[in-house]
Amino acid sequence: MNPDGYAADRGVELMADVAQGDQRAFRLLVENYQAMVFGLLRRILGPHGAIEDVAQEAFVRVWKNREKYYAQGKFSTFLYQITYNLALNRIRDEKRKPLHAMPKLDGIEIAQQDLRSDTPEEIASRGDWAGLISWGLERLPHNQRAVLVFQHYDGFSMEEISSVTGLSSAAVKSMLHRARTNLREILKPYKDSEND
């Protein structure tokens with residue numbers, strides 16, 4: 001039991017065992033959080049061949065830093081922070097490439113539609129507004145995309161977004177405002193065409 005009140009968090013409980021070198025607990029941790037990590041990376045990186053590599057690196061970092069881990073919040077926030085920083089590094093270090101093969105997780109292909117082959121007009125004509133929003137998100141600067149993803153897809157509070165990104169709460173609010181404004185502008189021509 002964690003004295004700081006985070007015992008109810010399954011990730012925190014598992015990390016207590018992982019910190020002691022328990023490989024079984026680490027496998028459980030990966031099983032419990034891999035979908036979250038892959039989902040976050042797909043939303044931040046878009047269709048990108050490096051998703052599997054970045055996800056693996058996130059869990060490698062958790063293992064390597066297991067003895068330094070101290071529960072100061074939910075484990076998922078800690079993992080999001082690692083994953084987010086690795087995704088930013090990947091964006092900075094590598095020119096984005098189209099996804100040639102779908103990443104596989106435990107032999108199962110991860111379903112992810114590559115919207116790069118469709119024009120926004122084609123996506124809008126199908127009435128695929130979720131696809132159009134995904135297309136629009138890809139056109140936002142990575143930091144704006146990330147804060148929208150954290151708030152709207154992951155349900156993070158301002159404090160959690162601040163913790164993951166390292167930004168102040170005021171900076172997060174400002175970035176969310178800019179991101180929403182920019183996304184509206186990107187999608188406006190397609191929303192307007194729906195009303196024609």
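The values are calculated or read from the model by the stated rules, or taken from the named source; none is laboratory data. All values reported here derive from a predicted model rather than from experimental measurement. Neighbour counts run over all protein chains shown; Cβ positions are idealised from the backbone, glycine included.
Structure values in brief
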read-out	value
Pairs, first touching a residue at least 24 places away in the same chain (Cβ under 8 Å) and more than 15 Å from Ser168 (Cα to Cα) in the range 141-152, second surrounded by fewer than 22 Cβ atoms within 10 Å (Cβ to Cβ) and among the charged types (D, E, K, R), C-beta under 7 Å, six or more apart	Val149/Arg43
Hey, Gly136 part of a loop (DSSP other than H, G, I, E, B) and either assigned by TED's automatic domain parsing to the domain that holds Asn182 or modelled with pLDDT of 70 or more (or both) or not	no
Lone unmet requirement of (1) loosely packed, with under 15 Cβ neighbours inside 10 Å; (2) farther than 24 Å from Leu148 by Cα; (3) not acidic (Asp, Glu) for Arg61	(1)
Positions within the range 22-57 being small (Gly, Ala, Ser) and modelled with pLDDT of 90 or more, in sequence order	Ala25, Ala35, Ala55
Residue count for the range 18-69, restricted to those that are touching a strand residue (DSSP E or B) at 6+ places or on another chain (Cβ under 8 Å) and among the hydroxyl-bearing types (Ser, Thr, Tyr)	0
Residue, modelled with the lowest pLDDT, within the range 148-168, restricted to residues that are assigned to a loop (DSSP other than H, G, I, E, B) and farther than 14 Å from Arg42 by Cα	Gly155
Residue check for Arg145: at pLDDT below 85 and out of contact with any Cys (no Cβ under 9 Å at 6 or more places or on another chain)	no
